[in-house]
Amino acid sequence: MVQIEDVIVSFDVFREKFLCDLQACRGICCIEGDAGAPVEAEEAEKLKEILPLVWDDLSEEAKAVIEQQGVTYVDEEGDLVTSIVNGKDCVFTCYDETGCCYCAIEKAYRDGRCDFYKPISCHLYPIRVGDYGPYKALNYHRWNVCKAAVLLGKQKDVPVYRFLKEPLIRKFGEDWYRELEHVAEELRKQHLL
């Protein structure tokens with residue numbers, strides 16, 4: 001592990017390879033799981049704010065869940081997460097004509113309909129951010145539904161931290177990311193990567 005400012009970064013973030021392969025996985029990370037995506041309190045408010053902008057992209061089942069319990073709920077572990085449909089699908093999923101799952105929020109962002117990309121936990125995946133008082137911890141999360149992303153990452157030699165450059169900058173800033181790259185270079189020089 002290395003520390004950059006108040007963030008502890010697991011070596012796996014540097015060593016492991018990852019590159020999403022949507023054609024292979026079909027967006028299953030938005031479908032599988034036993035809870036919704038973790039959200040920060042201010043993100044929950046943003047989700048409520050942008051809901052009218054994505055409403056027409058959501059399934060009827062998702063709309064019913066949102067109308068009944070809202071866009072978020074507190075899961076069994078006490079975390080605030082996006083609401084889910086049928087015990088698995090995030091309420092913000094939408095599908096294209098081939099059945100591939102997409103994030104309705106990201107779709108609206110890319111279409112210029114909203115200024116919110118998606119919850120940072122989704123944008124940062126496969127990194128999970130742990131909160132330890134004054135410190136944050138970045139850990140690589142292994143999930144069997146992402147096997148294709150691991151294979152493509154190895155094939156293209158894309159480390160997790162490079163794949164996640166944009167969300168890491170979004171979360172921690174450009175200066176922090178430059179330091180992360182500097183640390184990666186030093187680890188390579190020391191033959192630790």
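Annotation: Val129 fulfils all but one of (1) part of a strand (DSSP E or B); (2) modelled with pLDDT of 95 or more; the unmet one is (2). As for the range 125-139, it holds no residue that is surrounded by 13 or more Cβ atoms within 10 Å (Cβ to Cβ), touching a Cys at 6+ places or on another chain (Cβ under 9 Å) and without any contact (Cβ under 8 Å) to a residue 60 or more places away in the chain. Among the residues making up the range 107-117, those that are crowded, with 18+ Cβ neighbours inside 10 Å and either on the phi > 0 side of the Ramachandran plot or not in a loop (DSSP other than H, G, I, E, B) (or both) are Ala108, Tyr109.
Just to check your reading of the model, which residue among Arg188, Arg170, Arg178 is in contact with a helix residue (DSSP H, G or I) (Cβ under 8 Å, 6 or more places away or on another chain), surrounded by fewer than 16 Cβ atoms within 10 Å (Cβ to Cβ), among the basic types (Lys, Arg) and outside the structural domain of Ile50 (by TED's automatic domain parsing)? Steps first, answer last, please.
Details: Arg188 fails: in contact with a helix residue (DSSP H, G or I) (Cβ under 8 Å, 6 or more places away or on another chain); Arg178 fails: in contact with a helix residue (DSSP H, G or I) (Cβ under 8 Å, 6 or more places away or on another chain).
After ruling out the rest, the residue left standing is Arg170.
Of the helices (runs of 4 or more DSSP H) lying entirely inside the range 137-193, those carrying at least 2 residues that are closer than 30 Å to Arg26 by Cα and charged (D, E, K, R) are 147-156, 165-172.
The values are calculated or read from the model by the stated rules, or taken from the named source; none is laboratory data. Computed from a predicted model, the values in this text were never measured in an experiment. Counting neighbours? That spans all protein chains shown, and the Cβs are built from the backbone with ideal geometry, glycine included.
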